[in-house]
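The block underneath contains the structure these notes are about, expressed in structure tokens.
The values are calculated or read from the model by the stated rules, or taken from the named source; none is laboratory data. Everything numeric here is computed off the predicted structure, so don't read it as measured data. Positions of Cβ are backbone-derived with ideal geometry, glycine not excepted, and every protein chain shown enters the neighbour counts. Surface areas here come from the heavy atoms of the whole protein model, side chains and all, with no ligands, DNA or RNA. Shrake-Rupley method; radii C 1.70, N 1.55, O 1.52, S 1.80 Å.
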Amino acid sequence: MSRGEFFTRFTIWVTLAGYSVGVALFALSRKNRRRERAARLVWTIACISLLAHVACAFYFYHDWSHDSAYRETARQTAEVVGLNWGGGLYINYALMACWVADVAWWWRGLDLYRRRPVALVALWQGFLIFMFFNATVVFETGALRFIGLFLCLALCLLWRRSAASGFPHGQNKGADIIVKD
């Protein structure tokens, strides 16, 4: 395995692990401030790791060329789903921008973060699990695909359990379902 492949793969697995752990810690925090702070730290590391992953991919594989990344995204999408479309690259750009904004919002203050609209939390977490599922189940193969499927199912069950118990921090409408400070 080349140095570039190692760093590119390592950073995305740190991202995916951080996403999973951050979501789980927060969903299970139930007003435990230490667990909430740990969730925020892990969530932040996952976000930074995602940015590092994209930087590695652009540096080691695309010579900092958006066109190269777009063509490769289109090739992979055509290979997996039969559609020669590179627009997934823009979806990844949106993921990065939204995750950075989410981390900044969380570090701004736990109470402010907890008061996010329920619809926004559901939309954000739905987008994240969609991206996680695609990265680990749709575009991976072998054991990694099954690990991704297991984690996606486990996180969905955790969300369901959290919703049934009134969500973290006693909100009954779902805001704060997963990722909060």
For the stretch 1-56, which residues satisfy the criterion of being acidic (Asp, Glu) and open to solvent by less than 40 Å² (accessible area, probe 1.4 Å)? GLU36
All positions within the stretch 141-156 that are open to solvent by 40 Å² or more (accessible area, probe 1.4 Å) and not aliphatic (A, V, I, L, M): THR141, GLY142, ARG145, PHE146, PHE150, CYS156
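A quick yes/no check of all residues on (1) aliphatic (A, V, I, L, M); (2) touching a strand residue (DSSP E or B) at 6+ places or on another chain (Cβ under 6 Å); (3) closer than 29 Å to ARG35 by Cα:
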{"site": "HIS66", "(1), (2), (3)": "no, no, no"}
{"site": "GLY86", "(1), (2), (3)": "no, no, no"}
{"site": "CYS98", "(1), (2), (3)": "no, no, yes"}
{"site": "LEU110", "(1), (2), (3)": "yes, no, yes"}
{"site": "THR141", "(1), (2), (3)": "no, no, no"}
Every residue from the stretch 79-108 that is part of a helix (DSSP H, G or I) and either of a type in the set (D, E, K, R) or more than 21 Å from THR8 (Cβ to Cβ) (or both): GLU79, VAL81, CYS98, ALA101, ASP102, VAL103, ALA104, TRP105, TRP106, TRP107, ARG108
For a quick check of your reading of the model, give me the residue pairs whose first member lies in the stretch 36-50 and is on the phi > 0 side of the Ramachandran plot, whose second is surrounded by fewer than 23 Cβ atoms within 10 Å (Cβ to Cβ), with beta-carbon atoms closer than 6 Å and at least 6 apart or on different chains. none
For the stretch 117-140, indicate whether the set of residues that are closer than 30 Å to LYS31 by Cα, crowded, with 18+ Cβ neighbours inside 10 Å and in contact with a Pro (Cβ under 9 Å, 6 or more places away or on another chain) is non-empty. no
Give me a count of the residues in the stretch 70-104 that are open to solvent by 60 Å² or more (accessible area, probe 1.4 Å) and in contact with a Gly (Cβ under 6 Å, 6 or more places away or on another chain). 1
Within the set of pairs 6+ apart or on separate chains, which have a first residue in the stretch 53-67 that is within 18 Å of ILE12 (Cβ to Cβ), a second that is open to solvent by 100 Å² or more (accessible area, probe 1.4 Å) and of a type outside the set (Asp, Glu), and C-beta atoms under 8 Å apart? PHE58/TRP64; PHE60/ARG3
Sole exception among (1) in contact with a helix residue (DSSP H, G or I) (Cβ under 6 Å, 6 or more places away or on another chain); (2) farther than 22 Å from GLY126 by Cα; (3) of a type in the set (Phe, Trp, Tyr) for TRP43, by number: (2)
Quick one: what pairs do we get from the stretch 112-125, first residue part of a helix (DSSP H, G or I), second modelled with pLDDT of 85 or more and open to solvent by less than 20 Å² (accessible area, probe 1.4 Å), C-beta under 6 Å, 6+ apart or different chains? TYR113/TRP106
